[in-house]
Amino acid sequence: MRPFLAHGMPWAAAAGLAVWLSCGAAAAPADSTSIRVGTQAVPPDEVYAARDWGKPYNLHVDLKSYSSGGDILKAFLGRQLDVGNGGSARLVSMAAQQADQFYIVAANQYGGNRYGVMVAKSSPVTSVAELKGKKIGAVTGSGAYNTFRVYLEKNGLKESDFQLVNMKVEDLRAAVQQGILDAAVAWEPHVAIAETMGVVKRIQSMEGVNESPNFVLVSREFADKNPEAVTRYVATLIDLADLITSRPSEAASLAVQEIGKKGVQADVKGLELALTRIKMNPKVTDTLLDELVPIAASMHAAGKIKTVPDFKKLVRHDFYDAAVKLSAANRAR
Amino acid sequence: MASSEARVQDATAQTGGVGGGSTRLVALRSFAEFLLPIVVLLLLWEAGVRTGLIDPTILPAPSMIVGRAWVLLDPSHPERSLLLTHIAASLWRALVAFAIACGVAIPLGFALGLSPIAYRSASPLLSLLLPLPAVAWTPIFLVGFGQGDTTIISVCFLGAVFPVLYATIRGVQSISPHSLWVVRSMGARRSDIFVRVLLPGCLPALISGLKLGMAHSWRTLVAAEMLAALSRGLGYMIFAARAYMDVSTMFVGIACLAVIGMLVEHGLFGPLESATVRKWYGVSRVGGAR
């Protein structure tokens, strides 16, 4: 609660949240409210879109789909959305330049295991070290790419040991399969889908390298006016994380169903594998936040931001704490 | 193809009419000639996949694409057909953009074509805007309007407006001033001049511009939908399929774009163009206007 008070949230809103919590946040909320959320074509968002997660909390979640995380953040900053999500460089830029616009209320997908190095199924390569001097495709500037750089550093390798080729993530599988690239660094579900297609194999996971977290951002204006809506939304994220973690097969089926509504067919096994590689726990921890600091430091050194932001001051833990109680009460019903 | 068919029909009519059966035969033969290279390509492609020369995860066989299209079409429940929903969304956006482009470009084209001063004033601006690909405006519109139909239609509008505008200006400028003087000297009203001289005079050029405008609108649509569509449209479907490596669905989208583009050109503008060309040929044969 301290950081949020320190940042000047109106007392009335704080009092409102406190009253609402004391009046029984654990009970099913009677009044209906709504929130506008941006999603993209990633498995956890597909699972979220497949079910009305807000219904038990009397929350109308107005989902709008975007082609990328960058587009979500643009819409978020343009006030077309109440909730966006972001990680690494984009979040750091926003925290440095528009810190007064948003709160970090939850963690989104994270975990190094969601990044992997893949080679063609028939390739004799079994480790990254064997790829020295060869072509590796990656989306430069992405979380996967930055994590791969940390991996190289930790394993005594350098970027210059390889020929790194910048490509779109959707094109990496075909390039590896056709021998245009010797390997590629990609994120889920791209690696898992390509593996289940039987055309590539994953030779290295980035598990343990870092967590490369994405965070859920909520507009300050919205959160200050609608604290209960934010709490209910975070409760839906707790429920979503619970499903994905405990029953990935069911979550994958939901995702396939949702993807099918667009006229697209996706493989359940591939998505299930992808979901098991993605960590889902909305609790924002210091460990996750600390991962933003080196990114901010390098951006500061490059002159892209003036100061390294204090990310902990942007976090509102109170929403998560209330949401945990709300979610538990919902499950108990 | 439509123009050549029309000429053949004209020639048949001029030689005294060989008969309806013969005309149909010529039309059928012309159609078969048109389809032949496409069918040969599809057969080679299918054979390539079936013999293992082509990897179906990179380039699925035409039969796989047709099969996927059939599933998406869901002929037993057309009201629930996902493919028809995507096609309808795309067509609606492209046609609305095209209609707005025509509404703006045709009157403006007449004004600029008839007034040399206005044309000289606007010409630098038009020369500056014309070479810009309409898709390049997408990020600007995304900032202004956000994702959705407004952005897509605005981008498609920019794709369609310049070909129609230029064609109208050129069409109007190609009409001899003598024709206008003659009609005016005979006491024609402004509306008569427009209906009997300006409009017929610039129609062939205008129809070419409309064809180009619609084609540009359709091409621009796909790129705009990939970037700005929230839920529906062929571009959106292709983009969504790409995210999950569903190559067959991507090809269904591409095939739909090609077929619909062709149908619009040949089915809508082809007959219109033929009728205009035939009309002008008829006029020249009889040696004067009404």
Taking region A:194-216 and the residues there that are of a type outside the set (Asp, Glu) and within 14 Å of another protein chain (Cβ to nearest Cβ), the one that is nearest to A:Ser142 (Cα to Cα) would be A:Ala194
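Within region A:48-68, which residues are in contact (Cβ under 8 Å) with a residue 60 or more places away in the chain, part of a helix (DSSP H, G or I) and more than 14 Å from chain B (Cβ to nearest Cβ)? Give the steps one after another, and end with the answer.
Residues of region A:48-68 that are in contact (Cβ under 8 Å) with a residue 60 or more places away in the chain, as a first pass: A:48-51, A:53-54, A:56-59, A:61.
So of that shortlist, the ones also part of a helix (DSSP H, G or I) come out as A:48-50, A:56-57.
Within region A:48-68, A:Tyr48, A:Ala50, A:Pro56, A:Tyr57 qualify.
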Okay, helices (runs of 4 or more DSSP H) sitting entirely in region A:254-330 with 3 or more residues that are away from every other protein chain (no Cβ under 14 Å), I get A:286-290, A:292-301
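If you check A:Asn226 against the conditions, is it farther than 30 Å from B:Leu73 by Cβ, among the polar types (S, T, N, Q) and more than 19 Å from the chain's Cα centre (by Cα)? Let's see the steps before the verdict.
Details: farther than 30 Å from B:Leu73 by Cβ: yes; among the polar types (S, T, N, Q): yes; more than 19 Å from the chain's Cα centre (by Cα): yes.
Here the answer is yes, as A:Asn226 does meet what is asked.
In this structure, does A:Pro248 turn out to be free of Cβ contacts under 8 Å to residues at least 40 places away in the same chain and away from chain B (no Cβ under 14 Å)?
On the way: free of Cβ contacts under 8 Å to residues at least 40 places away in the same chain: yes; away from chain B (no Cβ under 14 Å): yes.
Spelling it out, A:Pro248 is indeed free of Cβ contacts under 8 Å to residues at least 40 places away in the same chain and away from chain B (no Cβ under 14 Å).
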When you scan region B:188-196, do you find a residue that is without any contact (Cβ under 8 Å) to a residue 24 or more places away in the chain, part of a helix (DSSP H, G or I) and surrounded by 21 or more Cβ atoms within 10 Å (Cβ to Cβ), even just one? no
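In region A:31-58, which residue that is of a type in the set (S, T, N, Q) and farther than 17 Å from A:Ala241 by Cβ is surrounded by the fewest Cβ atoms within 10 Å (Cβ to Cβ)?
Here is the first cut: in region A:31-58, the ones of a type in the set (S, T, N, Q) are A:32-34, A:39-40, A:58.
Now drop any that are not farther than 17 Å from A:Ala241 by Cβ, which leaves A:32-34, A:40, A:58.
Numbers: A:Ser32: 11, A:Thr33: 16, A:Ser34: 16, A:Gln40: 17, A:Asn58: 16.
Among them, the one singled out is A:Ser32.
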For region A:152-180 the number of residues that are surrounded by 15 or more Cβ atoms within 10 Å (Cβ to Cβ) and within 14 Å of chain B (Cβ to nearest Cβ) is 11
In region B:134-150, anything of a type in the set (Val, Ile, Thr) and surrounded by fewer than 19 Cβ atoms within 10 Å (Cβ to Cβ) is listed as B:Ile140, B:Val143, B:Thr150
message = Residues that are free of Cβ contacts under 8 Å to residues at least 40 places away in the same chain, among the aliphatic types (A, V, I, L, M) and under 27 Å from A:Ile259 (Cα atoms): does region B:51-68 have at least one?
response = yes
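Here are some residues: A:Val125, A:Val209, A:Val150. Which one is more than 25 Å from the chain's Cα centre (by Cα) and either part of a helix (DSSP H, G or I) or touching a residue at least 60 places away in the same chain (Cβ under 8 Å) (or both)?
Values: A:Val209 fails: more than 25 Å from the chain's Cα centre (by Cα); A:Val150 fails: more than 25 Å from the chain's Cα centre (by Cα).
Residue meeting the stated conditions: A:Val125.
Where a number appears in this text, it was derived from the coordinates with a stated rule and is not lab data. These figures come from a predicted structure and were not determined experimentally. All Cβ positions, even for glycine, are placed from backbone atoms using ideal geometry, and neighbour counts span all protein chains on display.
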